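FYI, it's all coordinate maths here, none of it is from the lab. No experiment lies behind these values; they were computed from the predicted model shown. Because the Cβ atoms are built from the backbone with ideal geometry, glycine has one as well, and the counts that use them run over all protein chains shown.
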Amino acid sequence: MKKHLSSITKDSKKQVLFNDYIQPDQHYQIDADKLEKLISKGVMGYVLQIRLIPQPSAQQPPGADVTDILDKFAEVFKEPTDLPPKRTCDQAIPLKEGSVPPNIRPYRMPHHQKDEVEKLVKQMLDQSIIQVSESLYSSPRLLVRKKDSSCFCVDYRFLNDQTIKHKFPIPLIEDFFDVLHAAKYFFQFGSQIWLSPNRGKNRRCS
């Protein structure tokens, strides 16, 4: 390679020649007058900016404004200890006509998981989240690690097969983009559906 001459080779063919080649580790500065002359001659230039994007730490403490909001609405964010009050619209499980109560035997699990299940069941009994039942409906429980670090899970798949679904078409994502095009802040709201009280004749299902 000759000095001040370089080329790009692709597929064994020389594609582009560059005159006045500058080594990558060298800096070449020009003043505004020279730049204006080069532009007037039709010279094509490129402006590149490379910057390092700092990676956020795994966990950052909330700011003072967030802490004030959490303290102000502590009643909302605290861990529930009982069922919510009765409302005009409670949860219901409408079943298909002629459905047979699913009665599934428990899943086998290690002994140390059984101890954890017994502890969680006792905790929910003390909080009146669940109660002792002799219903013909039986759904097995198991421990599955979730994103919120909880692990208690009830397999309601067999009951879901006999449930009349409340289905509604999902809105078009294009409509969301049209409405939210100027939005700056978004948040994720996690609702604990499993704490919705199931009252009435369908209570036996859960």
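Observations, loosely collected:
- Computed extension length for Asp33-Asp126: 25.3 nm, one decimal, from 0.36 nm per residue of separation with the Cα-Cα distance subtracted.
- Most tightly packed first, judged by the mean number of other beta-carbon atoms within 10 Å of their residues, the peptides 117-129, 170-182, 151-163 read 151-163, 117-129, 170-182.
- Net charge contributed by nearby residues that have their C-beta within less than 14 Å of Ser40 (K/R +1, D/E -1): +1
- Near Leu95, the amide H atoms lying under 5 Å from its own belong to Ile164; only residues 5 or more places off or on other chains count, and H is placed 1.01 Å from N.
- Amide H partners (placed H, <5 Å) of Ser138, local residues excluded: Asn103, Ile104
- Mean Cβ count within 10 Å, highest first, over the residues of peptides 135-146, 60-71: 135-146, 60-71
- Greater than 26 Å apart at Cα, pairs in Lys119/Lys146; Lys72/Lys184; Lys122/Lys147; Lys86/Lys146; Lys78/Lys146: Lys86/Lys146
- Convex hull projection area averaged over all views, region 84-153, Cα basis, nm²: 7.0 nm²
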